[in-house]
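Every number in this text was worked out from the coordinates using simple rules, so none of it is lab data. It should be emphasised that the depicted structure is a prediction, and the values quoted were computed from it without experimental measurement. FYI the Cβ positions are ideal-geometry reconstructions off the backbone, even for glycines, and counts take in every protein chain you see.
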């Protein structure tokens, strides 16, 4: 007899000793293709040397995530001073975004079960909300010259859409 509380009724019971475990999720080709699409788009951006920051290109103002790519590289090389100068939130943003992009690939490839264990769980929505507020706050502080300022110049006269207002 199952003695679990009613709120656990939606979760499958763990297998009894000697009972075979449920197989991992099967390979999902379409899901894997969909999960790999963001990675492919990033690769194309790098291969054609496209600007990763449309805000900077259009308005001449760095976006809230400006510097994260360079900060990620600095973080990978353990250059914490450079990472801080490029974007101080890289140690938070990079793992969260990386996991959000990697998790669907693992699930679709059958390497992780969805919503089971650490590898199956998605990043909760409240974490994304808190991160958004934090990124916007840091962006505002950096534009105001605090936290070391911004690594890219603020030049609205160079933006494609904002330039006509400055000439």
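Brief remarks on what is shown
- Both radii are taken from the alpha-carbon atoms of the stretch 24-166; with Rh as the Kirkwood radius, Rg/Rh is 1.04.
- Fully extended contour minus Cα-Cα distance, from residue 130 to residue 34, at 0.36 nm per residue: 31.9 nm
- Modelled FRET efficiency - R0 41 Å, residue 146 with residue 166, Cβ distances, 0.05 increments: 0.95
- With a simple spin-label model that places each label point 7 Å from the Cα along the Cα-to-Cβ direction, the separation between residue 102 and residue 80 comes to 2.2 nm.
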